[in-house]
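Trainee: Below: one structure in structure tokens.
The values are calculated or read from the model by the stated rules, or taken from the named source; none is laboratory data. Every value quoted in this text rests on a predicted model; they were computed, and no experiment measured them. Backbone-built Cβ (ideal geometry, glycine too); neighbour counts: all protein chains shown. Side chains included, ligands, DNA and RNA excluded: accessible areas come from the protein's heavy atoms. Shrake-Rupley method; radii C 1.70, N 1.55, O 1.52, S 1.80 Å.
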Amino acid sequence: MDPFFILALALSSKPMIFINPPWTTFFKGEKVLLTCNGSNFYAPGKTKWYHKGEMLQETSGNNIRVNSSGTYKCTTNNSRLSDSVTLIFSPVLLIMRIPYPVFEGDSLILRCQEKDNNTLTQVTYYKNKKKISAFNQNSYVFIPQARLNDRGQYSCTAFKHKSWKIISNEAVLYIQELFSHPVLQTTDSQPIEGSAVTLRCEIRIPPQKSNIQLLFSFFREPGIMLLGQSRAGEFQISKFWREDSGSYWCEVETVYPRVYKQSHPIMMSARRIPITGVHIEVQPHGGHVIGGQKLVLLCSVAEGSGTITFSWHKEGTEAILEKKIQHSLVAEFTISAVRENDSGKYYCTADNNSSLIPSHSVSITVKRNGRGSLIAVITVALGSVLGFIAVALLVYFKHQRKSGQDFSTDLPRSLPIQIQGTMESNACTQLKLQEIHSDEMPVVEDVIYSEVWSTQQGKEEAEDASEKPPLDKDYSVIYLVVKKAETQGDSTGSSQIVNGINGDTTDGFKNVLLS
């Protein structure tokens, strides 16, 4: 149930007196019906009526008719006494009719009335003896929305039969609050930093207006709206920090008619708990890490509040490895890949502007990665094997030279040799042999390297078969290792090469390698 509705019901435990007709000033001789009501908690029963503080009558119901001036109160079923109402029965000819009860925001009519309801002229209205309105004919004063400053004593004057001036009595217009002035309450005006705080905007509502719709807003200095236009009269701050300290207030207004009220501000400030129990922890546990692995240093505090500044240090150095500022009791520092020079002792500190507290130190030992040693061993082994092979090849070639098998390097360089043969597809295949000079490829002593490529001759390509093919085509390459002829000349050597390519093996060739 809404707490404000409960407040309204609590007020309604005191009965109220309703007046019919709803005025407080009457002509002498008139009778007025009073009703003691205002609470549904009381079953119909006997009602006691009091006039000018004395017991007037006990009735079986809750109604009574009266015609005497004075204050009236009532009680029903042993309830508390109601608030008093004051009635005036005047012997004058002109009275000021003022409605009762009147609340903030109500519209009301103030009327000047003659006893016999005769026509009045030149009617003038006064508030606290000051003229506020004047009419040639009998009229009334309309207040569309009553405010508390409309309270006061009202009277009127008029002319009866256009020549007889009559003056009314003074009647009090009492305007009741639609709801009480709001009061902002808090569960703790000096909460511990990080704790929850609840703000409650409390008001009292008269039972006659228990169904009004109210909107609540909460503010913090300097005019920061925390919660606006809400039907809830409470606002919770889940975590109250030092920066939340300051002046707070609430505002309440009705949906219609618009009545607005603001509470007095209250001061709230956060209490800071000093830091104690700073502890550092290593992951992996023990502080033994292999090079390249991740290392995590956790820094925690057993107690403390507010914004905490964590920092990590290595003994023997003045530099701060890492610094973090956060609303937390735990923070971590990570080294993604440790190295051997990361070995040493580490510690952390924590500070919340009250005191700087260091932790104990922990030792970190970084071991060399075993995979690096294995790679080094393999690299040395491969280097040794390759060196052995190179030495063996060198010994072999020297042995060949000493045995008389000398490869010629004086074979004359000639133009590419064309060899034609018939392929299975009956297409003419052209092979071109071109010497690769020593500035293009390393030359082994007594060996001549030649590049051979083949093309499929078409009608257009056959016209110029002696030229080099375009560089953007792919050709098979044939490497020939040719032994220098010992007795024949250039022409004989060339002829022997041609025969070798055609497939006839001669003494002029050491080897033919096709790829």
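Trainee: Among the numbered conditions (1) in contact (Cβ under 8 Å) with a residue 40 or more places away in the chain; (2) in a strand (DSSP E or B), tell me where VAL92 comes up short.
Mentor: With (1) in contact (Cβ under 8 Å) with a residue 40 or more places away in the chain; (2) in a strand (DSSP E or B) applied to VAL92, the lone miss is (2).
Trainee: Scanning segment 293-302 for residues that are under 25 Å from GLU243 (Cα atoms) and free of Cβ contacts under 8 Å to residues at least 40 places away in the same chain, which turns out least open to solvent (accessible area, probe 1.4 Å)? Steps first, please.
Mentor: Of the residues in segment 293-302, the ones under 25 Å from GLU243 (Cα atoms) are 299-302.
Restricting the remaining residues to those that are free of Cβ contacts under 8 Å to residues at least 40 places away in the same chain gives 300, 302.
Numbers: SER300: 31, ALA302: 79 Å².
Among residues in segment 293-302 that are under 25 Å from GLU243 (Cα atoms) and free of Cβ contacts under 8 Å to residues at least 40 places away in the same chain, the one least open to solvent (accessible area, probe 1.4 Å) is SER300.
Trainee: Something else now. Could you say whether any residue in segment 214-222 is farther than 30 Å from PRO265 by Cα, touching a residue at least 12 places away in the same chain (Cβ under 8 Å), touching a strand residue (DSSP E or B) at 6+ places or on another chain (Cβ under 8 Å) and among the acidic types (Asp, Glu)? Break it down stepwise before answering.
Mentor: Keep residues of segment 214-222 that are farther than 30 Å from PRO265 by Cα, which gives none.
Checked against the condition, which is being farther than 30 Å from PRO265 by Cα, touching a residue at least 12 places away in the same chain (Cβ under 8 Å), touching a strand residue (DSSP E or B) at 6+ places or on another chain (Cβ under 8 Å) and among the acidic types (Asp, Glu), segment 214-222 yields no hits at all.
Trainee: I need a count of the residues in segment 66-89 that are out of contact with any Cys (no Cβ under 7 Å at 6 or more places or on another chain), assigned to a loop (DSSP other than H, G, I, E, B) and touching a residue at least 12 places away in the same chain (Cβ under 8 Å). Full working, then the answer.
Mentor: Just the residues of segment 66-89 that are out of contact with any Cys (no Cβ under 7 Å at 6 or more places or on another chain), to begin with: 66-73, 75, 77-81, 83-89.
Subset that is assigned to a loop (DSSP other than H, G, I, E, B): 67-69, 77-81, 83-84.
So of that shortlist, the ones also touching a residue at least 12 places away in the same chain (Cβ under 8 Å) come out as 67-69, 77, 79-81, 83-84.
Residues meeting the conditions: 9.
Trainee: Would you point out the residue of segment 332-353, among those that are more than 24 Å from GLY291 (Cα to Cα) and open to solvent by less than 60 Å² (accessible area, probe 1.4 Å), that is nearest to the chain's Cα centre (by Cα)?
Mentor: Keep residues of segment 332-353 that are more than 24 Å from GLY291 (Cα to Cα), which gives 349-353.
Going one step further and asking which of them are open to solvent by less than 60 Å² (accessible area, probe 1.4 Å), we end up with 349-352.
On the way: THR349: 29, ALA350: 26, ASP351: 26, ASN352: 24 Å.
Once the filter is applied, the top-ranked residue is ASN352.
Trainee: Could you list, in sequence order, the residues of segment 167-187 that are part of a strand (DSSP E or B) and under 27 Å from VAL85 (Cβ atoms)?
Mentor: Of all residues in segment 167-187, those part of a strand (DSSP E or B) come to 167, 171-173, 175-176, 183-186.
Of everything in segment 167-187, those that are part of a strand (DSSP E or B) and under 27 Å from VAL85 (Cβ atoms) turn out to be ILE167, ALA171, VAL172, LEU173, ILE175, GLN176.
Trainee: Can we say TYR154 is surrounded by fewer than 16 Cβ atoms within 10 Å (Cβ to Cβ) and either under 30 Å from THR254 (Cα atoms) or at pLDDT 90 or above (or both)?
Mentor: Details: surrounded by fewer than 16 Cβ atoms within 10 Å (Cβ to Cβ): no; either under 30 Å from THR254 (Cα atoms) or at pLDDT 90 or above (or both): yes.
So TYR154 fails the test.
Trainee: Does any residue of segment 339-349 turn out to be at pLDDT 55 or above and on the phi > 0 side of the Ramachandran plot? Can you show your working first?
Mentor: Let us first name the residues in segment 339-349 that are at pLDDT 55 or above, namely 339-349.
Adding the requirement that they be on the phi > 0 side of the Ramachandran plot leaves 344.
Within segment 339-349, one or more residues are at pLDDT 55 or above and on the phi > 0 side of the Ramachandran plot.
Trainee: For residues that are part of a strand (DSSP E or B), over 24 Å from ARG272 (Cβ atoms) and among the β-branched types (Val, Ile, Thr), tally how many sit in segment 311-351.
Mentor: 2
Trainee: Of (1) under 22 Å from GLU170 (Cα atoms); (2) without any contact (Cβ under 8 Å) to a residue 24 or more places away in the chain, GLY53 satisfies all except one. Which?
Mentor: Tallying (1) under 22 Å from GLU170 (Cα atoms); (2) without any contact (Cβ under 8 Å) to a residue 24 or more places away in the chain, GLY53 fails exactly one: (1).
Trainee: For the condition open to solvent by 30 Å² or more (accessible area, probe 1.4 Å) and either under 30 Å from ILE357 (Cβ atoms) or modelled with pLDDT under 90 (or both), what is the one hit in ARG242, ARG220? Spell out how you get there, then give the answer.
Mentor: Working: ARG220 fails: either under 30 Å from ILE357 (Cβ atoms) or modelled with pLDDT under 90 (or both).
Exactly one residue qualifies, and that residue is ARG242.
Trainee: To continue, here is another question. Could you tell me whether segment 303-310 includes any residue that is within 22 Å of GLU243 (Cβ to Cβ), in contact (Cβ under 8 Å) with a residue 60 or more places away in the chain, of a type in the set (S, T, N, Q) and not in a strand (DSSP E or B)? Full working, then the answer.
Mentor: Step one: filter segment 303-310 for residues within 22 Å of GLU243 (Cβ to Cβ), giving 303-310.
Right, trim to in contact (Cβ under 8 Å) with a residue 60 or more places away in the chain and you get 305-307.
Retained after the next criterion (residues that are of a type in the set (S, T, N, Q)): 305, 307.
Among the residues that remain, those that are also not in a strand (DSSP E or B) are: 305, 307.
Yes, the conditions are met somewhere in segment 303-310.
Trainee: Need a quick list: strands (runs of 3 or more DSSP E) entirely within segment 188-291 having at least 3 residues that are over 30 Å from VAL366 (Cα atoms).
Mentor: In segment 188-291, the matching strands (runs of 3 or more DSSP E) lie at 195-202, 214-220, 224-230, 234-240, 246-254, 260-262, 266-268.
Trainee: Next up: Quick one: how many residues across segment 157-201 are of a type in the set (Lys, Arg), at pLDDT below 90 and touching a Leu at 6+ places or on another chain (Cβ under 9 Å)?
Mentor: Counting residues in segment 157-201 that are of a type in the set (Lys, Arg), at pLDDT below 90 and touching a Leu at 6+ places or on another chain (Cβ under 9 Å) gives 1.
Trainee: Could you pull out the residue among ILE280, ILE273, ILE290 that is within 20 Å of SER343 (Cβ to Cβ) and open to solvent by 40 Å² or more (accessible area, probe 1.4 Å)? Give the derivation first.
Mentor: Numbers: ILE280 fails: open to solvent by 40 Å² or more (accessible area, probe 1.4 Å); ILE273 fails: within 20 Å of SER343 (Cβ to Cβ).
One residue alone meets the criteria, ILE290.
Trainee: Sort out which residues of segment 103-150 are among the β-branched types (Val, Ile, Thr) and surrounded by fewer than 18 Cβ atoms within 10 Å (Cβ to Cβ), and write them in order of number.
Mentor: Applying the first criterion (among the β-branched types (Val, Ile, Thr)) to segment 103-150 yields 109, 119, 121, 123-124, 132, 141, 143.
Within segment 103-150, ILE109, THR119, THR121, THR124, ILE132, ILE143 qualify.
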